[in-house]
Amino acid sequence: MRFWHGSAMGCGKVATLGSSRYFRIMSHALRHALVLFSGGQDSTTCLAWALDRYAHVETVAFDYGQRHHVELEARQNVLHAMRSTFPDWAARLGEDHVLDLGVIGQVGGTAMTQAREIVTQANGLPNTFVPGRNLMFLTVSAALGYRRGIDILVTGVCETDYSGYPDCRDDTMKSQQVTLGLGLDARITIDTPLMWIDKAATWQLAHDLGGDALVDVVIEHSHTCYLGDRTQRHDWGYGCGTCPACELRSSGWLQWTAERSLP
Ligand code: ZN
């Protein structure tokens, strides 16, 4: 399975088209983006996707009283590895921001911020669902971007391999893009490069963007495990291997590596 992906350098191919289309696409490549970057597999892939196509990319994460600070540490390691492994991307990678959204932890009641067993609730959603979290993340990200001249937000939400989180849906993203644009009186774009692909395809997308080197960065430095386990190293990276996040990541890896081995 292969995915087309554009790049800022590739824009020259349309130069022969002339007229406004050329300039519209060039200006797109010159835009600045803010990646919602948690340090997980998905947002690491989204960061590479943004670096591949935008002139300047900044990153943002939120400290909201997560049970494990491992992912906030992992993201620093991912950023360091990105800079040292991909010099072209390092030149485009700008400031990193970590903002305090402790109010989410104060609302409480989820397995993401409290030591609770991960279970499915009566409404069919797992108790890892933090109500309103992505909506808040995008609103605060848009505000940060507004202050910094950034009008593109990139997020790794996905409607394919997800747990039914309503704030990961494509319609939710499109609705919020319109709302933010109206509320800020500015053209805001929410890019969701993973929206319609599964975890196996996310591994492939990382490989398309940065080859084995980027896949290695994802394996060694990104963190997905809900339980914050960095002691067990698997082919697909670190994690407990049994929580829902680890299961998704490992099954995607197995599917991707099986597809790669096909003649
Ligand atoms: Zn796990």
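Every number in this text was worked out from the coordinates using simple rules, so none of it is lab data. As the structure is a computational prediction, the values presented were derived from the model and not from experiment. All Cβ positions, even for glycine, are placed from backbone atoms using ideal geometry, and neighbour counts span all protein chains on display.
Considering only the other residues whose Cβ falls under 9 Å of the Cβ of ALA61, what net charge follows from Lys and Arg at +1 and Asp and Glu at -1? The answer is -2. FRET efficiency for the pair TRP196 and SER251, taken as 1/(1 + (r/R0)^6) with r the Cβ-Cβ distance and R0 = 25 Å, rounds to 0.90. The Cβ shell under 12 Å around LEU47 holds other residues with a net charge of -1, Lys and Arg each +1, Asp and Glu each -1. Derived scalar couplings between HN and Hα for the stretch 227-241 equal 8, x, 7, 10, 9, 9, 9, 10, 4, 9, x, 9, x, 5, x Hz in order, rounded to whole Hz, by the Karplus curve 6.51 cos²θ - 1.76 cosθ + 1.60 (θ = phi - 60°), x for Gly and Pro. Simple spin-label estimate for ASP170 and HIS97 gives 2.9 nm between the two label positions (7 Å along the Cα-to-Cβ direction from each Cα). The value for the stretch 153-263 of Rg(Cα) / (2.2 N^0.38 Å) is 1.22. Can you give the local net charge around VAL103? Use residues other than it whose beta-carbon is closer than 15 angstrom to its beta-carbon, Lys and Arg +1, Asp and Glu -1. Surrounding charge for VAL103 is -1. Here the stretch 64-97 is scanned for amide nitrogen atoms under 20 Å from the site 7 Å beyond the Cα of THR231 along Cα-to-Cβ, giving 67-74.
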